[in-house]
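What follows is a set of notes on a single structure, which appears directly below.
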Amino acid sequence: MPPYVRRDLLRVVLLLIGAVTVLTGLVQLCAPGPVLRLLSADSPGIGRHLFATVGMFMIVVGGLLVQALLSPAPPWYVLLWTGLQKFGAFALVGIGVVRDLFGAIALLVAFFDLATALLCWLMARRLWHAGTHA
């Protein structure tokens, strides 16, 4: 890990979250049924397929976040859009719990995504003010 990354706790935390997003997306892509069962959700064929599709997007967004954070000057907008994706995940998982599509355990995932969104936006703001908004 480059020194400019190691010295920045927020960047390290977001880098780890990005890596976890890639890994969990991979698990979700490859084994959607067991993950859905873990979240106390029904898993008909179409549900598993769509859940796997979401996993693929998690891999892409997590990978983009990791790659951006490893660069010396990450573009602020990558953090903005990653935060929006994470906030959207928070909202939609929460709605899924309210609609009884997921069990209450899924709220752990939802609030983790909310925390990640806030951290992404904090980093985006910091990058913007540091002058990397060109």
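The values are calculated or read from the model by the stated rules, or taken from the named source; none is laboratory data. These numbers come from a predicted model, not from an experiment. Virtual Cβ from ideal backbone geometry, glycine too; neighbours counted across all protein chains shown.
Can you name every residue in region 6-52 that is over 16 Å from L108 (Cβ atoms), surrounded by 13 or more Cβ atoms within 10 Å (Cβ to Cβ) and β-branched (V, I, T)?
Those that are over 16 Å from L108 (Cβ atoms), surrounded by 13 or more Cβ atoms within 10 Å (Cβ to Cβ) and β-branched (V, I, T): V12, V13, V22.
Which residues, counting only those in region 72-90, are surrounded by 14 or more Cβ atoms within 10 Å (Cβ to Cβ) and small (G, A, S)?
Within region 72-90, G83, A89 meet the criteria.
Of the conditions (1) within 12 Å of T21 (Cβ to Cβ); (2) surrounded by fewer than 18 Cβ atoms within 10 Å (Cβ to Cβ); (3) at pLDDT 95 or above, G62 satisfies every one except a single condition; which number is it?
Result: G62 passes all but (2).
Kindly list the number of the only condition in (1) touching a residue at least 60 places away in the same chain (Cβ under 8 Å); (2) surrounded by fewer than 18 Cβ atoms within 10 Å (Cβ to Cβ); (3) assigned to a helix (DSSP H, G or I) that fails for Q67.
Result: Q67 passes all but (1).
Name the residues in region 38-60 that are polar (S, T, N, Q) and in a helix (DSSP H, G or I), would you?
Residues of region 38-60 polar (S, T, N, Q): 40, 43, 53.
Listed by number, the list holds a single entry, T53.
In region 55-80, what residues are touching a Leu at 6+ places or on another chain (Cβ under 9 Å), under 10 Å from G25 (Cα atoms) and of a type outside the set (G, A, S)?
Passing the criteria: M56, M58, I59.
Out of all the residues in region 39-48, is one or more under 18 Å from V93 (Cβ atoms), touching a Lys or Arg at 6+ places or on another chain (Cβ under 9 Å) and at pLDDT 95 or above? Show your work before the answer.
To start, the set of residues in region 39-48 that are under 18 Å from V93 (Cβ atoms) comprises 39-43, 47-48.
Still in the list and also touching a Lys or Arg at 6+ places or on another chain (Cβ under 9 Å): 43.
Checking which are at pLDDT 95 or above leaves us with none.
Looking through region 39-48, none of the residues is under 18 Å from V93 (Cβ atoms), touching a Lys or Arg at 6+ places or on another chain (Cβ under 9 Å) and at pLDDT 95 or above.
For the condition in contact with a helix residue (DSSP H, G or I) (Cβ under 9 Å, 6 or more places away or on another chain) and modelled with pLDDT under 95, what is the one hit in A52, A19? Before you say what the answer is, go through the steps one by one.
Values: A19 fails: modelled with pLDDT under 95.
None of the other options fit; the residue is A52.
Mind checking which residues of region 83-126 are polar (S, T, N, Q) and more than 21 Å from R6 (Cα to Cα)?
Q85
Just for region 98-114: of the residues that are surrounded by 14 or more Cβ atoms within 10 Å (Cβ to Cβ) and modelled with pLDDT of 95 or more, which one is farthest from the chain's Cα centre (by Cα)?
As a first pass, look at region 98-114 and keep what is surrounded by 14 or more Cβ atoms within 10 Å (Cβ to Cβ): 101-103, 106-107, 109-110, 112-114.
Subset that is modelled with pLDDT of 95 or more: 107, 110, 112-114.
Numbers: L107: 14, A110: 10, F112: 9, D113: 6, L114: 9 Å.
Result: L107.
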